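Contents: one structure, followed by commentary.
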């Protein structure tokens, strides 16, 4: 199976070139960096030791930042390359990467492009995050004798059952990793049954994340603009959830006349589309876009559309209540990380579709540290209770914060397991 895949990808350069051109037209690639997707670096390799961390998109990249900071603090002669596959994650990395860390786009899995990437960067160690595995690049890593680890590894029951059908191929990919660190016992069992070696459970790195950053001047300005209005946040929304937020705002406004709804879309580039969609459906709503010269909500603003990148920490600090996005979305959901909001004292809610982070949500619900919403009507009722009952709100905030900080030592366990495969100084 892997030989067939490799042969297909050897002849895929031209169609993949066409695909990249189409993605460029849709704003899903950066023109000045498109060559990175073919393994051609846009910057020189720094001298000395270099670790390579790969994270598919935003969520994995946030976890990767935790690890990157720890590795750089441990070794002051180290440089780190991080690769991701989306424009949004690239912008996020450019904004948040520490010194001695650089970003490139991950190349598509054409053998020639993978080889060019490895030959340029010559990483001393490869650390891949979570679950994205590319056969040709993994083979190039193994052929180049680069020690590798799969960090924060996850594997859903559905994926496990699919990979079982081609176990020998998946086993060969896993053989490229000297170490596999899983988020839970079930996933560790899956990886072991599929041929993974040196498999351990270290829990989810997201628990060790530092609180999301913010600009203190922006926080003061935003809090001043909100003043004492009742406010709630819908964080990291996907298509369908902005309309849901607006409809909920409409239903609650009769009781909470000064209600302010803040929407932070997962992909800020959707801002113009969201604004037009909401103005069409709710022409009487006052809607302000933050991307419009960093405008602030006014006294009569209904919906504040925070279509900017990397400011979620600001809004979690300003809003006592946060519903986590992609849990009601049109794409079938999957959920986003609730720990970021919990670490900033938010009372947390989420919809029924959180399967990508099911274990975290199961635990947070078991600890009564978040509200599990099962419908739009439930959403309205629960949000109304939190807006109306200060004690209920404060109790939920306290449980949420306590839960988020009870597993802060995950990073220490990860670093301990990594120690034997780290190259010598």
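The values are calculated or read from the model by the stated rules, or taken from the named source; none is laboratory data. Keep in mind it's a predicted model, so treat the numbers as computed, not measured. Positions of Cβ are generated from backbone atoms using ideal geometry, with glycine treated the same way; all protein chains shown enter the neighbour counts.
Within segment 91-113, is even one residue more than 20 Å from the chain's Cα centre (by Cα), part of a strand (DSSP E or B) and without any contact (Cβ under 8 Å) to a residue 40 or more places away in the chain?
No, that holds for no residue.
Quick check, is residue 89 at pLDDT below 95 and touching a strand residue (DSSP E or B) at 6+ places or on another chain (Cβ under 7 Å)?
no
From the list 341, 366, which residue is surrounded by 22 or more Cβ atoms within 10 Å (Cβ to Cβ) and either more than 12 Å from residue 59 (Cβ to Cβ) or not assigned by TED's automatic domain parsing to the domain that holds residue 384 (or both)?
From the options 341, 366, the qualifying one is 341.
For segment 47-65, give me each residue that is outside any strand (DSSP E or B) and either within 24 Å of the chain's Cα centre (by Cα) or surrounded by 15 or more Cβ atoms within 10 Å (Cβ to Cβ) (or both).
Answer for segment 47-65, where residues must be outside any strand (DSSP E or B) and either within 24 Å of the chain's Cα centre (by Cα) or surrounded by 15 or more Cβ atoms within 10 Å (Cβ to Cβ) (or both): 49, 55, 56, 57, 58, 59, 60, 61, 62, 63, 64, 65.
Checking residue 71 against (1) outside any helix (DSSP H, G or I); (2) under 24 Å from residue 412 (Cβ atoms); (3) at pLDDT 95 or above: exactly one of these is not met. Which one?
Of everything listed in (1) outside any helix (DSSP H, G or I); (2) under 24 Å from residue 412 (Cβ atoms); (3) at pLDDT 95 or above, residue 71 misses just condition (1).
Pick out, from segment 161-262, the helices (runs of 4 or more DSSP H) lying fully within it that include 3 or more residues that are touching a residue at least 40 places away in the same chain (Cβ under 8 Å), in contact with a helix residue (DSSP H, G or I) (Cβ under 8 Å, 6 or more places away or on another chain) and in the same structural domain as residue 294 (by TED's automatic domain parsing).
Of the helices (runs of 4 or more DSSP H) lying wholly inside segment 161-262, those with at least 3 residues that are touching a residue at least 40 places away in the same chain (Cβ under 8 Å), in contact with a helix residue (DSSP H, G or I) (Cβ under 8 Å, 6 or more places away or on another chain) and in the same structural domain as residue 294 (by TED's automatic domain parsing) span 216-226, 241-253.
Can you find a residue that is in the same structural domain as residue 144 (by TED's automatic domain parsing), surrounded by 17 or more Cβ atoms within 10 Å (Cβ to Cβ) and over 20 Å from residue 148 (Cα atoms) anywhere in segment 66-86?
Within segment 66-86, one or more residues are in the same structural domain as residue 144 (by TED's automatic domain parsing), surrounded by 17 or more Cβ atoms within 10 Å (Cβ to Cβ) and over 20 Å from residue 148 (Cα atoms).
Results for (1) over 19 Å from residue 296 (Cα atoms); (2) more than 21 Å from the chain's Cα centre (by Cα), shown as yes or no for each residue.
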{"residue": "225", "(1), (2)": "no, yes"}
{"residue": "234", "(1), (2)": "no, no"}
{"residue": "238", "(1), (2)": "yes, no"}
{"residue": "252", "(1), (2)": "yes, yes"}
{"residue": "260", "(1), (2)": "no, yes"}
{"residue": "281", "(1), (2)": "yes, yes"}
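Testing residue 76 on (1) out of contact with any strand residue (DSSP E or B) (no Cβ under 7 Å at 6 or more places or on another chain); (2) in a loop (DSSP other than H, G, I, E, B); (3) touching a residue at least 40 places away in the same chain (Cβ under 8 Å), one condition comes back false. Which one is that?
(3)
Quick one: is residue 283 farther than 21 Å from residue 27 by Cα and either in contact (Cβ under 8 Å) with a residue 60 or more places away in the chain or surrounded by fewer than 23 Cβ atoms within 10 Å (Cβ to Cβ) (or both)?
When the stated conditions are applied, residue 283 passes them.
Inside segment 291-305, can you point out the residues that are surrounded by fewer than 24 Cβ atoms within 10 Å (Cβ to Cβ) and either within 23 Å of residue 57 (Cβ to Cβ) or not assigned by TED's automatic domain parsing to the domain that holds residue 273 (or both)?
Matches in segment 291-305: 291 only.
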